[in-house]
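Q: Let me give you the structure first, and then I'll get to my questions.
The values are calculated or read from the model by the stated rules, or taken from the named source; none is laboratory data. Please read all numbers here as calculations on a predicted model, not as lab measurements. Cβ: placed from backbone, ideal geometry, glycine included. Neighbour counts: every protein chain shown.
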Amino acid sequence: MTDFSDPSLFFNRELSWLDFNQRVLEIAENGETPLLERVKFCAIYGSNLDEFFMVRVAGLWDQVDAGIDARGPDGLSPTEQIEAIRSRTLELDRRLRTTFDGEIMPGLKSEGIRIATLKDLNESERAEMDRRFEKQVFPALTPLVIGLGRPFPYISNLSLSLAVMLRDPDTSTNVLARIKVPTELLGRFISIESPDEKVLVPLEQVIAANLGMVFPGVEVIDYGFFRVTRDADFTVSDEADDLLEAVQEELRRRKFGEVVRLEIAEGMNPLLKEQLTDVLRLQANEVLDSGWFLGMADLWDIVKLPGHSSLRDESWTPITQPRLLGEDDEPVDMFAAIRHRDILVHHPYDSFGTSVESFIAQAVNDPDVLAIKQTVYRTSDDSPTVAALIRASEKGKQVVCMLELKARFDEAANIGWAKRLEEVGVHVVYGIPGLKTHIKALLVVRREGEQVRNYVHIGTGNYHSTTARLYTDLGLFTADPDIGADVAEMFNVLTGYARPGAYRKVLASPDTMRSGILERIRRTIDAHLAGRDARIRLKLNALVDRTCIEALYEASCAGVPIEINVRGICCLRPGVPGVSENIRVVSVVGRFLEHSRIYTFEYGDEVEVLMGSADLMPRNLDSRVELVTPIQDETARAQALDALDRCLADNTNAWILDSSGNWSRLSPEGGEPRDVQKELRDQHLALAATTVPQMSG
């Protein structure tokens, strides 16, 4: 009997994530990608990697420092993972630099956007940069000398700096100084406009060219650029008397986390590099030699340049879902539409504003709405949805906001909203001790005659108007009594002191999610062994959970065909003879970030379709509050299955995973090109052109 727990059957979680970031890089490397989109994917790659080191690599170093030899299903120790991550990161970094320096920068120059170092400037441009330095940059600098009784200055997370070696001509004493590059104040680039082109000079280059003004009277021997990454993960005790205050304190501490990565720009003097490593008390494997431009995430400054539409993807404006299209641009009565039958929206193809935000707005203004309850994990700084909750409270409705303070890197924004909501009387709660609340749910309780009806929105994505234009997410509107009762019960668990009962239709973690998924995998096995058609198809962001993977291996061995569309991490090893030869794994990485989760299980004539907030990861199944709901309406099910079919058929923006861990990009190879995101845009445009408006409310 096959041992499904054999470490050779699992890919490492962290290395699999780096494979995902490689797929992001490959879009930047693709010469057919519009030029500014290539710049965007360079920035995404860099931002992804920053967060990976701040959280995942920092966690591995914590284990090493604590002497914990925690090994995952793949069997690698923390030290082995750190070494493998370093090697892989350096390899990918070289590819990124080759593409950016050798292809993207020359391409931008030919289009009138020139990224230049000081040596690339002509005499008049250099004079202009010197003038700009004196007037704009110099007043914002604070040089700090190290040594001579002065401690090494604190270097904030992800900050770019100059290390400068100085010599006092009178005493022949050498000292080291540090200058922080004030990108938060001045941006990453200083620009010069001309009729023919825009010249962008990185701010650190301008500072380096004027070090004589910064350090008058001493000799500048050498300088180099560097950037530090700190441990930005933290744990807040749920026993804290005031969770809000505890999170605020941890946010302050985040700035002072341990350094987990030191990036050194090419050309730095080895002695200068050695001094930096020593004063930061780093090991050699925490230092990464990089190219001339550090902090690729700052390339967003170029992506956001106005104009240059020919260098970008064709713009996309989400359409109003046909069921929500009223006459003469009037909004439909969403309550009547949802009562009639469930509605599934698919962002960013369907508009977030005319669906979710319109639903909330109608609930706020409807005198028969008694209560609005919503979970908030991540939201925008100017969130219309949270602002609507404030208006609802001011109108006297019962409003509950389950706000997750510990949503990583959105803590500060959520703290701000929590304070504003509490000031107007909204019942703000922070969830269940020991668990993050990741569920995406909105409950509207409405009086209708002598009864009360629950209207529910359950999503795969956050209530965030910006990401709703960039991420692919599903949202289900339903007035199904059982689902409504399940969601109402979950809110009572989140806000009160109760244990959940047996949910009627939904799966919820940490109580029933894993067991529900395993039960459905078992049913497909039984159906197949009974001679009925059986199949499993999954679309998710990450597949990590060992128990679920082993169950999928068992199903494969039984002969059940399995297709998995995973955007990011996949620890399952497909195509292993006798174990997973019936499992196919593909990944779509394209213009929009694939974020929706769809689970389908086929048992003969029965097809079960579920969607929700959870991936198959231990954190989602064990330490988060998650919810997955069945899609029951036939039209809505068909929509979800159609999107899944197209994802699995994509051969333009898709990669396939083999048993060795290699991801190979698919291509039409003379056949019909399939691009799920283009197909869904075209489909929605066609629907918009042929749809007759519904009766307005």
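Q: Check segment 49-63 and report whether any residue there is touching a Cys at 6+ places or on another chain (Cβ under 9 Å) and crowded, with 18+ Cβ neighbours inside 10 Å. Working first, answer last.
A: Of the residues in segment 49-63, the ones touching a Cys at 6+ places or on another chain (Cβ under 9 Å) are none.
No, that holds for no residue.
Q: From the residues in segment 662-681 that are out of contact with any Ser or Thr (no Cβ under 8 Å at 6 or more places or on another chain) and in a loop (DSSP other than H, G, I, E, B), which one is modelled with the highest pLDDT?
A: Asn662
Q: Do the conditions hold for Ala485, that is, is it aliphatic (A, V, I, L, M), surrounded by 16 or more Cβ atoms within 10 Å (Cβ to Cβ) and within 21 Å of Ile360 (Cα to Cα)?
A: On the way: aliphatic (A, V, I, L, M): yes; surrounded by 16 or more Cβ atoms within 10 Å (Cβ to Cβ): yes; within 21 Å of Ile360 (Cα to Cα): yes.
Spelling it out, Ala485 is indeed aliphatic (A, V, I, L, M), surrounded by 16 or more Cβ atoms within 10 Å (Cβ to Cβ) and within 21 Å of Ile360 (Cα to Cα).
Q: While we're looking at this one, here's another question. Give Ala297, Ala336 a once-over and let me know the one that is farther than 26 Å from Leu476 by Cβ, small (Gly, Ala, Ser) and modelled with pLDDT of 95 or more. Steps first, answer last, please.
A: Values: Ala336 fails: farther than 26 Å from Leu476 by Cβ.
Selected residue: Ala297, the only one of Ala297, Ala336 that is farther than 26 Å from Leu476 by Cβ, small (Gly, Ala, Ser) and modelled with pLDDT of 95 or more.
Condition check ((1) in the same structural domain as Val259 (by TED's automatic domain parsing); (2) assigned to a helix (DSSP H, G or I); (3) among the basic types (Lys, Arg)) across all residues:
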residue: Phe52; (1), (2), (3): no, yes, no
residue: Val57; (1), (2), (3): no, yes, no
residue: Asp74; (1), (2), (3): no, no, no
residue: Arg88; (1), (2), (3): no, yes, yes
residue: Leu92; (1), (2), (3): no, yes, no
residue: Arg95; (1), (2), (3): no, yes, yes
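Q: Next question. Is it the case, given these coordinates, that Leu148 is touching a Ser or Thr at 6+ places or on another chain (Cβ under 9 Å), modelled with pLDDT under 90 and in the same structural domain as Ala265 (by TED's automatic domain parsing)? Give the steps one after another, and end with the answer.
A: Working: touching a Ser or Thr at 6+ places or on another chain (Cβ under 9 Å): yes; modelled with pLDDT under 90: yes; in the same structural domain as Ala265 (by TED's automatic domain parsing): yes.
Criteria met by Leu148.
Q: Then there is this: When you go through (1) in contact (Cβ under 8 Å) with a residue 12 or more places away in the chain; (2) outside the structural domain of Arg391 (by TED's automatic domain parsing) one by one for Glu314, which number turns out not to apply?
A: (1)
Q: Of (1) over 31 Å from the mean Cα position of the chain (by Cα); (2) under 29 Å from Leu90 (Cα atoms); (3) not hydrophobic (A, V, I, L, M, F, W, C), His340 satisfies all except one. Which?
A: Among (1) over 31 Å from the mean Cα position of the chain (by Cα); (2) under 29 Å from Leu90 (Cα atoms); (3) not hydrophobic (A, V, I, L, M, F, W, C), the lone unmet condition for His340 is (2).
Q: Right, next: What number goes with the only condition from (1) touching a residue at least 24 places away in the same chain (Cβ under 8 Å); (2) outside any loop (DSSP other than H, G, I, E, B) that Asp645 does not pass?
A: (1)
Q: Looking at segment 685-697, is at least one residue polar (S, T, N, Q), over 24 Å from Arg341 (Cα atoms) and surrounded by fewer than 18 Cβ atoms within 10 Å (Cβ to Cβ)?
A: Of all residues in segment 685-697, those polar (S, T, N, Q) come to 690-691, 694, 696.
So of that shortlist, the ones also over 24 Å from Arg341 (Cα atoms) come out as none.
No, every residue in segment 685-697 fails to be polar (S, T, N, Q), over 24 Å from Arg341 (Cα atoms) and surrounded by fewer than 18 Cβ atoms within 10 Å (Cβ to Cβ).
Q: Quickly run through segment 67-92 and pick out the residues that are buried (at least 19 other Cβ atoms within 10 Å of the Cβ) and closer than 15 Å to Glu286 by Cβ.
A: Pro78, Gln81, Ile82, Ile85, Thr89, listed by residue number.
Q: Could you tell me which of the residues Thr652, Thr629 is surrounded by 22 or more Cβ atoms within 10 Å (Cβ to Cβ) and either at positive phi or not hydrophobic (A, V, I, L, M, F, W, C) (or both)? Spell out how you get there, then give the answer.
A: Values: Thr652 fails: surrounded by 22 or more Cβ atoms within 10 Å (Cβ to Cβ).
Result of the check over Thr652, Thr629: Thr629.
Q: A further question follows. Please go through (1) out of contact with any helix residue (DSSP H, G or I) (no Cβ under 8 Å at 6 or more places or on another chain); (2) under 25 Å from Arg114 (Cβ atoms) for Asp168 and return the number of the only condition it doesn't satisfy.
A: (2)
Q: Residues of segment 1-39 being of a type in the set (Phe, Trp, Tyr) and over 18 Å from the mean Cα position of the chain (by Cα), which ones? Please lay out each step first, then the result.
A: Narrowing segment 1-39 to residues of a type in the set (Phe, Trp, Tyr): 4, 10-11, 17, 20.
Within segment 1-39, Phe4, Phe10, Phe11 qualify.
Q: Sticking with this structure for a sec: Which residues, taken from segment 1-22, are assigned to a helix (DSSP H, G or I) and within 23 Å of Val576 (Cα to Cα)?
A: Start the filter on segment 1-22 by keeping residues that are assigned to a helix (DSSP H, G or I), which leaves 7-9, 13-22.
Matches in segment 1-22: Pro7, Ser8, Leu9, Arg13, Glu14, Leu15, Ser16, Trp17, Leu18, Asp19, Phe20.
Q: Restricting to segment 1-48, name every residue that is surrounded by fewer than 20 Cβ atoms within 10 Å (Cβ to Cβ) and of a type in the set (Asp, Glu).
A: Asp3, Asp6, Glu26, Glu29, Glu32, Glu37
Q: Any chance you could count how many residues in segment 439-493 are of a type in the set (Val, Ile, Thr) and part of a helix (DSSP H, G or I)? Write out each step before concluding.
A: Going through segment 439-493, the residues of a type in the set (Val, Ile, Thr) turn out to be 439, 444-445, 452, 456, 458, 460, 466-467, 472, 478, 483, 487, 493.
From what is left, the residues that are part of a helix (DSSP H, G or I) are 467, 483, 487, 493.
The number of residues fulfilling the criteria is 4.
Q: With in the same structural domain as Val279 (by TED's automatic domain parsing), closer than 27 Å to Ser290 by Cβ and without any contact (Cβ under 8 Å) to a residue 40 or more places away in the chain as the only criterion, which of Glu184, Glu193 stands out?
A: Details: Glu193 fails: closer than 27 Å to Ser290 by Cβ.
So the residue among Glu184, Glu193 that is in the same structural domain as Val279 (by TED's automatic domain parsing), closer than 27 Å to Ser290 by Cβ and without any contact (Cβ under 8 Å) to a residue 40 or more places away in the chain is Glu184.
Q: OK, next. For segment 501-594, list the strands (runs of 3 or more DSSP E) that sit wholly inside it and hold at least 1 residues that are surrounded by fewer than 23 Cβ atoms within 10 Å (Cβ to Cβ) and at pLDDT 95 or above; which are they? Spell out how you get there, then give the answer.
A: Working: elements: 507-509, 534-540, 562-566, 583-588.
Here the list reads 534-540, 562-566, 583-588.
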